[in-house]
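The values are calculated or read from the model by the stated rules, or taken from the named source; none is laboratory data. Remember, it's a predicted structure, so these values are computed and weren't measured experimentally. Virtual Cβ from ideal backbone geometry, glycine too; neighbours counted across all protein chains shown. Accessible surface is based on the protein model in full, side chains and every heavy atom, while ligands, DNA and RNA are left aside. Shrake-Rupley method; radii C 1.70, N 1.55, O 1.52, S 1.80 Å.
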Amino acid sequence: MKMKLELLGPYKIHSISNDKVFHCPAAQKAGVYVYSVPFEAGGYLASYIGETGTTFLKRIKEHTINTLGSYKRIYDPKELSRGRKVLLWDGLWKSTRQECFNEFIEQYCMLSPAIYESIQQSYISFIPFEADNRMRRRVESAIANYLYKQPSPVGQFMDSDIRYIKKLRKGETSIEIEIYGGQQIRGFPQRVVA
């Protein structure tokens, strides 16, 4: 089986201009999405690959609320634009970090400018397509696993502890996927097998 998909974007998540994601018709669809940040050497670096069966817009709002509320990791935005990850806050998303909320409150004044700048710096791209949850996860994982294998800074830019699918289930067959439009994101695949 083969699929042809198109990557749309990147769109700024928060902006005073009209290039932000909320003006994009594709934001009302489902599929795979790519968070990225501008790279000072040119283009963008993918920081996260995700999938959603709801609308991209709904998922972006969830991500943004989770970032504002300390759930997500926060990296130094200036260093991200240089292709380096300097951790400022490890988030509350792991079960081992659930008791750290007071720590977040105590560090809030120091972290809040970085949180705001991170949201300002974030871009998102969409690969809209209709599929069941398993197929979306297969496409998401194929892209993420491809990016992990790229040389630095691309391969080390996404967090390594995100759970992506590593292998097919018994009875599943490989699918060749062609992706158009990803040239602005460094190392982004034109072809993957899911």
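Remarks
- Solvent-accessible surface of the chain, taken per residue with a 1.4 Å probe and all protein chains present: 54 Å².
- Solvent-accessible area, 1.4 Å probe, carbon plus sulfur percent, for the range 1-144: 53 percent
- 0 to 90° range, to nearest 10: angle between helix 56-68 axis and the chain longest Cα axis: 30 degrees
- Relative contact order (%) - the chain, alpha-carbon pairs under 8 angstrom, separation at least six: 33 percent
- Percent carbon-and-sulfur accessible area, the range 154-194, ignoring ligands, DNA and RNA, probe 1.4 Å: 47 percent
- Computed 3J(HN,Hα) for the range 136-146, one whole-Hz value per residue from the Karplus formula 6.51 cos²θ - 1.76 cosθ + 1.60 where θ = phi - 60°, is 4, 5, 5, 5, 3, 5, 4, 5, 4, 5, 5, glycine and proline marked x.
- Packing rank of 86-93, 41-48, where each peptide gets the mean count of other beta carbons within 10 Å, highest leading: 41-48, 86-93
- Convex hull volume per residue, computed on the Cα atoms of the chain, equals 119 Å³.
- Cβ-defined net charge surrounding G83, 14 Å radius [Lys, Arg +1; Asp, Glu -1]: +2
- Cα centroid separation, the range 63-97 to the range 142-172: 19 Å.
- Amide H to amide H, with H built 1.01 Å from N, W89 comes under 5 Å of I74, counting only residues 5 or more places away or on other chains.
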